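Have a look at the structure below, then the notes.
The values are calculated or read from the model by the stated rules, or taken from the named source; none is laboratory data. Just so we're clear, the structure is a prediction, and the values are computed from it rather than from any experiment. Positions of Cβ are backbone-derived with ideal geometry, glycine not excepted, and every protein chain shown enters the neighbour counts. Heads up: the accessible areas ignore ligands, DNA and RNA and are worked out on the full protein's heavy atoms, side chains in. Shrake-Rupley method; radii C 1.70, N 1.55, O 1.52, S 1.80 Å.
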Amino acid sequence: MTQDLSYMNEQPSEAQEQAIQEAITRECMNAIILYLEEVAGTMEKQSIETLNVPTLRAMAQELRNKNINNVD
């Protein structure tokens, strides 16, 4: 039994392409907002008042660990 895969060659209309771009932009913004909220929460939880390289790396590691734990 063969499947019709011709739909794979279809190009989105300009309106569809615009809608897709807007959706991607919204999702990226939501991800950035979530990231900033996570950073702020980490800073608050650990009483961090200034940002420096070691602090940013420690926060990145904590968020990475949380992300890994959320995948499971």
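Observations
- Filtered by the rule that a residue be of a type in the set (Ser, Thr, Tyr) and more than 17 Å from the chain's Cα centre (by Cα), the range 9-40 gives a lone residue, 13.
- Those residues of the range 1-40 which are aliphatic (A, V, I, L, M) and under 30 Å from residue 66 (Cα atoms), in sequence order: 20, 23, 24, 29, 31, 32, 33, 34, 36, 39, 40
- Which listed residue, of 36, 63, is surrounded by 11 or more Cβ atoms within 10 Å (Cβ to Cβ) and part of a helix (DSSP H, G or I): 63
- When residues of the range 39-60 are limited to those that are out of contact with any helix residue (DSSP H, G or I) (no Cβ under 9 Å at 6 or more places or on another chain) and not in a helix (DSSP H, G or I), the one modelled with the lowest pLDDT: 50
- Qualifying residue in the range 41-48 (condition: open to solvent by less than 100 Å² (accessible area, probe 1.4 Å), within 19 Å of the chain's Cα centre (by Cα) and among the aliphatic types (A, V, I, L, M)): no
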